[in-house]
Each structure stands twice: as structure tokens, then as C-alpha cells.
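Here's the structure, in C-alpha cells; my notes come after.
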Amino acid sequence: TTITLDCMGHNFTAKGKVILVPGWKVAEQQFRATLKQQHEDSKEDTPKPLPVLTEGQELDVITATVKDGKTTPPKHFTEDTLLAAMETAGAEDMPEDAERKGLGTSATRASIIEKLVKTGLAQRRTAKKIKYLLPTEKGAALIAVLPEPLKSPALTAEWEEQLKQVEHGALPSADFMDR
């Protein structure tokens with residue numbers, strides 16, 4: 001459930017889950033009940049349901065506080081996380097009947113990463129026994145100057161569709177190359 005609340009012109013969103021069919025969780029709860037010492041953190045993992053609300057309902061503000069905190073940047077990619085991201089990149093932009101989704105094929109994704117490293121656009125760095133892939137200065141500069149359409153997975157989807165047409169003879173290869 002997603003709830004959007006308006007407070008003095010500012011929108012706030014709350015999300016919650018309701019388990020409709022507990023399935024295997026019933027067995028897990030029964031097992032945990034038999035343990036002598038239950039873990040405190042297991043209670044924190046249980047999602048709290050949202051209260052029942054109706055559209056247009058007005059709520060009284062009980063308390064409001066501003067919380068001071070710091071955000072952390074997203075974690076750098078490892079080879080595994082980058083390969084997984086490439087597999088699903090732009091999938092929402094691709095047509096439903098697209099033969100392949102993501103960037104490259106499962107057979108070519110690793111070689112794409114290797115080529116980025118060999119050409120000096122990315123580098124491997126180790127921190128706390130984890131190998132990360134980071135852009136080099138040259139790689140960051142290339143991303144900065146490339147036009148937005150060239151950076152979009154939607155372009156890959158479009159090209160994949162056109163290459164499929166070339167493969168089936170519906171589009172001359174010269175027309176694809178001219179575009």
C-alpha cells in the first residue's frame with residue numbers, strides 16, 4: 001500500500017505491506033516461538049501495517065520533528081553488481097516483444113567490462129578485500145561529453161530491434177548503418 005499525504009502543500013509518502021497469505025512464515029513464527037531466546041532484531045524486521053485510511057480523510061498532526069542526518073552515496077559497483085545491473089538496464093524502456101533486454105548478452109557483458117578497463121575508461125580498486133570498478137578521469141570525461149541519447153539503454157533497445165529486422169531481412173543493413 002502506498003499512501004500520499006498532503007501537509008500544507010508538501011506531499012509525504014508512506015509505504016506498507018500487508019501479508020495476505022502468510023505461507024511458510026507461519027512455520028517460521030512457530031519455530032521462533034519454540035526458541036528459548038528470541039532475537040531482538042527479528043521483531044524489528046516485521047513490517048508494520050499502515051492504518052486503515054480513506055481517500056480525502058483529514059488527519060490531525062500529533063507531532064512533527066526534523067531529523068538531522070547524513071546521506072551516504074550509493075555503493076560503487078563490483079563486477080558482480082555491474083553484471084547484474086547490465087542484465088536489467090533499461091528493461092522498462094524496451095518494448096515487450098524485445099528479444100533481449102539489458103545491455104549486451106550474458107556472453108558479452110564480462111568482455112564489455114574488460115574492454116572498459118583495458119581502454120582506461122574504468123579501473124579496478126580494492127577496498128576492504130572487495131574489488132570495485134570505478135570510472136577513471138578519462139571515463140568520467142567521456143560520460144560528461146556524450147549526448148544523453150547515447151547514454152540511454154533505450155538506444156540499445158532501439159538498435160537491438162533494428163538489428164533483429166536486419167537479421168530477418170525486413171531492414172537493409174546499409175539503412176541501419178546510415179542511421
Given charges at beta-carbon only (K, R positive; D, E negative), |dipole| of the range 117-179 in Debye: 900
Selected from 156, 122, 86, residue furthest toward positive end of dipole (the chain; charges at beta carbon): 122
Residue 78 long-range amide H proximity, modeled H, under 5 Å: 133
Size of charge dipole - the chain - debye, nearest 20, with Cβ of Lys, Arg +1 and Asp, Glu -1, no other charges: 1260
Global geometry of the chain, whether rounded, prolate or oblate, following the gyration tensor of its Cα atoms and the 1.5 cut on a/c: prolate
FRET efficiency, residue 70 to residue 165 (Cβ-Cβ, R0 45 Å, nearest 0.05): 0.35
Distance between modelled label sites at residue 110 and residue 78, nm, 7 Å Cα→Cβ extension: 1.6
Packing-based order for 67-75, 143-151, using average beta carbon neighbours within 10 Å, highest first: 143-151, 67-75
Violating pairs (Cα-Cα greater than 22 angstrom) within the set 17/70; 128/151; 70/151; 118/138; 17/75: 17/70; 128/151; 70/151; 17/75
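We did not get these values from a lab; they are worked out from the coordinates using the rules stated. Everything numeric here is computed off the predicted structure, so don't read it as measured data. Cβ atoms come from the backbone with ideal geometry, glycine included; neighbour counts cover every protein chain shown.
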